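So that we are looking at the same thing, I have put the structure below in structure tokens.
The values are calculated or read from the model by the stated rules, or taken from the named source; none is laboratory data. Here the structure is a predicted model, which means the values were calculated and not measured. A quick note on method: Cβ atoms are made from the backbone with ideal geometry, for glycine too, and the neighbour counts reach across all protein chains shown. Only protein heavy atoms, including side chains, enter the accessible area calculation; ligands, DNA and RNA are left aside. Shrake-Rupley method; radii C 1.70, N 1.55, O 1.52, S 1.80 Å.
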Amino acid sequence: MRLELSPHGDVRLDSALITLRGLAPVLNGARLDGARAEGRAVDGERAGSDAIALRLTAPGLGGAALEVAFRRRDAQAWELRYALDGEPGAEIDSFGVRFEAVENLRATLQNGAFSWDGSRYLEPGAEQTPPGYAMTQLLPREGVGSVVLGFDRHDRLQHTFRIEATDAAPALTIETVWDRKAIAGDRRESETLVIFEHPGVEDALRAWAAMVAAASPLPPRVPDAPITGWCSWYNLYAAITEENILEHLRAAAAVRDRENLPLQVFQIDDGFTPEMGDWLLVKPQFPRGMKPLLDDIRAAGFTPGLWIGPFMVGNRSRLYREHPGWVVRDRLTGGPLPLMTFYGEFRWHKRSEEYYILDTTHPDAFAYLRQVFRTWRRDWGCEYFKTDFMHFPTVHGPDRAVWHTPGLTRIEIWRQVAGMIRGEIGDAMWLGCGCPLWASVGLVDGVRIGRDVGVSWSGERAARSLLRDQATRNFANGILWQADPDCILLRERFHELSEAELRSLAIYFGMTAGLVMTSDALDELSDERLRLWKLVLQPRRAICHFPLLGQPGGSDPDGDPVRVQVRQSTRDQAAPAAIFVFNTGDAPAERTYPLARLGLPGAWHIVEWGSGRGWPEPVERISLTLAPHDGALLFASRQPLAAPPDRLP
């Protein structure tokens, strides 16, 4: 990549694929007019081909200036940092830069901030509300490959990306979310933004994830084997009792032992506490309390787990009744700031109509939450923690949220709590759900990468968003954390999916090579469903690729409805590869793929799982006809296969 600075201070960053040109300051979300640029030395060096610095001033900055520094990282990458130097005469919620033109742009990746807000490729001009977070990927209109712009650290600040349509080429605005952070002095600095070109799409995203892993102050926690097990939510939901939990425990243990299944975790989800926030109280449906029940789970050979929403406080909870000052206040009303409301018939099997944010900057509230995790871990014996709605403190900035202790960014508040949780639970396993994706690196073991799984193909919890988010977030699995696509549906009844839809979704989720969990009664599964469960329940690490991600005419999550996954063992290079081709569209689809395009060059012996049908000779391409919402799982091997393997690689 080549960076040029004109005598007038105009910046132009050229790659073989994308050009970024023009630079303007941004303050609190607004591009500032009338900016003037002055070239400056970089840490004593002369501004030159490997280091360029600008000082941007504008009437909207008052007496402050935006200092921007570029440094060459290597032949294909640059590092960019910017700092707001001085006081602009206004509260500072965010600041950054805007590239005035992005040339040769076909699509950009809008990357979400947490589990449920999604990630998607958007064409220029598409609405971008909310913005993307942490990084973006630019796909060229002409050429193969991509350009990635991504920050390396995420433990102190959030950063946003927004593509905006203009009369000419689209513009790209990049901002640091400052949240009116209190500092000594008057200089505010961003983290380092890395800009690089790459010949691939998903591999480019993996390269960025590796940079984040290297820059993280805590090394990523990536388990040696996928987390597997059973979770109560998607079968029993909140209607749990000690009795029905024990029934499912006995069934899971019996089927595990009979079928030799590598099941690790048995997790009790929401429903055992009376209200959100009352985490040390237990409903009468659990007469012995939680410790004896977790002991029973451990005695059955499972790792015992519990669910908690640590930042949630219900308005009917004892916690709120006794400590109303422990919740975040609303700057607009002066009252508590509700983040979720349930004013109608559905109230989550609880009494609360509103859910507030626990103000963990209040020392007593923080101490209470610490005592909760200490009790659950040391006294109750919990060894697997599923923490939910972890995004609560990151939703609002100080323009709306009033914290007991001001002057911290929302990410600093979040990390204080997350660091405390890890300190209290020790080496116990931790799954973050509704969780910030990037601030959690080094603390959690697994992260949910999409919304809750539903029981129908379309609707509020439709399969489509899960399919898209798994494809666009797959790259971080095994690098930053273990990805959780959510529980796999296996039961015969009580859902609205066809046989093909259920089977294909189970394989699609299982191909991820991340967490593998179910909520269904294992003793009620048919032989065919048990065969499906065994297929995806692989106890060894593997890697899953979406080789056509972002490619025109390929499995672009918002383009071609046919998805392609390729999964390979990370330990046994001779093991067969698995190829899953999934038609998520509403019409039949015919596709032909050269295997080299899928990352499998040369000729391969092919056999189909399910039918057992094999290709008579090794082939270099595959052709398939797929019914709507149906998929085909193929195993590819260098050696002839008499039958398809019974487990994914």
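Can you name every residue in the range 54-93 that is hydroxyl-bearing (Ser, Thr, Tyr) and surrounded by 21 or more Cβ atoms within 10 Å (Cβ to Cβ)?
Here is the first cut: in the range 54-93, the residues hydroxyl-bearing (Ser, Thr, Tyr) are 57, 82.
Of everything in the range 54-93, just one residue is hydroxyl-bearing (Ser, Thr, Tyr) and surrounded by 21 or more Cβ atoms within 10 Å (Cβ to Cβ), namely Tyr82.
Shifting gears a bit: Of everything in the range 525-575 that's more than 17 Å from Ala500 (Cα to Cα), open to solvent by 30 Å² or more (accessible area, probe 1.4 Å) and among the charged types (D, E, K, R), which residue is modelled with the highest pLDDT?
Lys534
Next question, about the same structure. For the range 212-262, what are the residues that are more than 29 Å from Ile543 (Cα to Cα), open to solvent by less than 20 Å² (accessible area, probe 1.4 Å) and either acidic (Asp, Glu) or under 29 Å from the mean Cα position of the chain (by Cα) (or both)?
Ala238, Ile240
A follow-up question, please. Could you look through the range 2-24, keep only residues that are in contact (Cβ under 8 Å) with a residue 24 or more places away in the chain, of a type outside the set (Val, Ile, Thr) and farther than 16 Å from Ala69 by Cα, and pick out the one that is surrounded by the fewest Cβ atoms within 10 Å (Cβ to Cβ)?
Only one residue tops the list, namely His8.
Collect the residues in the range 84-105 that are out of contact with any Phe, Trp or Tyr (no Cβ under 9 Å at 6 or more places or on another chain) and either in a strand (DSSP E or B) or of a type in the set (A, V, I, L, M, F, W, C) (or both), keeping them in residue-number order.
Asp85, Ala90, Arg98, Phe99, Glu100, Ala101, Val102, Glu103, Leu105
Right, something else. Could you check the range 542-649 for strands (runs of 3 or more DSSP E) lying wholly inside it with 2 or more residues that are basic (Lys, Arg)?
Answer list for the range 542-649: 562-569.
While we're looking at this one, here's another question. Filter the range 26-53 for residues that are in contact with an Asp or Glu (Cβ under 8 Å, 6 or more places away or on another chain) and modelled with pLDDT of 95 or more; which is least open to solvent (accessible area, probe 1.4 Å)?
If we take residues in the range 26-53 being in contact with an Asp or Glu (Cβ under 8 Å, 6 or more places away or on another chain) and modelled with pLDDT of 95 or more, then Val26 is least open to solvent (accessible area, probe 1.4 Å).
What pairs can you find where one residue is in the range 404-425 and at positive phi, the other is surrounded by fewer than 20 Cβ atoms within 10 Å (Cβ to Cβ) and hydrophobic (A, V, I, L, M, F, W, C), and their Cβ atoms are less than 6 Å apart, with a gap of 6+ or different chains?
Gly407/Ala182
Would you tally the residues in the range 348-364 being surrounded by 15 or more Cβ atoms within 10 Å (Cβ to Cβ) and either at pLDDT below 95 or closer than 30 Å to Ile297 by Cβ (or both)?
Within the range 348-364, residues that are surrounded by 15 or more Cβ atoms within 10 Å (Cβ to Cβ) and either at pLDDT below 95 or closer than 30 Å to Ile297 by Cβ (or both) number 6.
Within the bounds of the range 386-395, is there any residue that is open to solvent by less than 10 Å² (accessible area, probe 1.4 Å), under 21 Å from Pro363 (Cβ atoms) and either assigned to a helix (DSSP H, G or I) or without any contact (Cβ under 8 Å) to a residue 40 or more places away in the chain (or both)?
Yes, the conditions are met somewhere in the range 386-395.
Restricting attention to the range 456-471, which residues are touching a Leu at 6+ places or on another chain (Cβ under 7 Å) and either within 19 Å of Ala210 (Cβ to Cβ) or open to solvent by 20 Å² or more (accessible area, probe 1.4 Å) (or both)?
If the condition is that a residue be touching a Leu at 6+ places or on another chain (Cβ under 7 Å) and either within 19 Å of Ala210 (Cβ to Cβ) or open to solvent by 20 Å² or more (accessible area, probe 1.4 Å) (or both), then Ser456, Trp457 are the ones that fit.
Show the residue pairs that are 6+ apart or on different chains and have beta-carbon atoms under 7 Å apart, the first residue being within the range 498-525 and part of a loop (DSSP other than H, G, I, E, B), the second being open to solvent by less than 10 Å² (accessible area, probe 1.4 Å) and among the basic types (Lys, Arg).
Final answer for the pair search is Met511/Arg567; Ala513/Arg567.
While we're on this one: Select from the range 396-431 the residues that are part of a helix (DSSP H, G or I) and small (Gly, Ala, Ser) and write down the one among them that is nearest to the chain's Cα centre (by Cα).
Result: Ala418.
Could I ask something else about it? Determine which single condition Arg451 fails, assuming it passes every other condition in (1) open to solvent by 40 Å² or more (accessible area, probe 1.4 Å); (2) over 17 Å from the mean Cα position of the chain (by Cα); (3) under 30 Å from Ala207 (Cβ atoms).
Going through the list (1) open to solvent by 40 Å² or more (accessible area, probe 1.4 Å); (2) over 17 Å from the mean Cα position of the chain (by Cα); (3) under 30 Å from Ala207 (Cβ atoms), Arg451 breaks only (2).
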